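To start, the structure under review is shown below, and the notes come after it.
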Amino acid sequence: KSIGMVLQDTWLFNGTIADNIAYGRPEATREEIIEAAKEAHAHHFIELLPQGYDTILNEEASNISQGQRQLITIARAILSNPRIMILDEATSSLDNETQLKIQQAIENLQKEYTILIIAHRLSTVRNADRILMLSEGKIIAEGNHSKLIKECKKYRDLYENEIIKEV
């Protein structure tokens, strides 16, 4: 109950969107579910679905996009209210617009939770208080984004490559 996880591969089950968000806290009220979805930047797309929060997801949740599945799992983690949240490649397969929404959600969450982010996309960790850069299982650099841009060539090169790919 103290740790919430959002993985690269989302795990949703056959049931409504509301049920999927409330999975870790089935006693949650509809208002609490909606508030968690708003914090995760998922509320808008859910409201646009024909049945909104009562939309049934099939086993593979193929009736919504990968980014939407990811936002639902973030809402689920928020609703469970853990002290520590682990985001393991939570944005790796997302388009830039959805990644931006998730980054906004992460920034909001940083005020309330300790968040551990595991990511290859450096833009995902850019606003972190502390970044550990690993290579071959060893920490090769540590600091915030500004410090690493200035002091770590490998970090700077990876970040600049990422910016070029996004343009």
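The values are calculated or read from the model by the stated rules, or taken from the named source; none is laboratory data. Since the model is a prediction, treat every value here as computed from it, not as a measurement. Every residue, glycine as well, gets a Cβ built from its backbone with ideal geometry; the counts of neighbours run over all protein chains shown. In case anyone asks, the SASA skips ligands and DNA or RNA and just uses the protein heavy atoms, side chains included. Shrake-Rupley method; radii C 1.70, N 1.55, O 1.52, S 1.80 Å.
Quick look at the numbers
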read-out: 9 Å beta-carbon shell around residue 131, net charge (K/R +1, D/E -1); value: +1
read-out: For region 24-147, share of DSSP beta bridges that run antiparallel, in % to the nearest 5; value: 50 percent
read-out: Per-peptide average of other Cβ atoms within 10 Å, ordering 153-163, 109-119, 10-20, 73-83 highest first; value: 73-83, 10-20, 109-119, 153-163
read-out: Long-range HN-HN contacts of residue 131 with modeled amide H, under 5 Å; value: 143, 144
read-out: Surrounding net charge for residue 150, when Lys and Arg each add one and Asp and Glu each subtract one, Cβ distance under 15 Å; value: +1
read-out: Set 101/147; 1/111; 1/38 screened for pairs whose C-alpha atoms are more than 23 Å apart; value: 101/147
read-out: Of all accessible heavy-atom area on region 61-167, the percent that carbon and sulfur account for (1.4 Å); value: 49 percent
read-out: Cα-based Rg of region 1-117 normalised by 2.2 N^0.38 Å, two decimals; value: 0.95
read-out: Per-residue ³J(HN,Hα) for region 59-67, Karplus 6.51 cos²θ - 1.76 cosθ + 1.60, θ = phi - 60°, Hz, x for Gly and Pro; value: 3, 8, 6, 6, 8, 9, 6, 4, x
read-out: Average accessible surface area per residue within region 124-163, 1.4 Å rolling probe, Å²; value: 70 Å²
read-out: Relative contact order [Cα under 8 Å, 6+ residues apart], the chain, whole percent; value: 24 percent
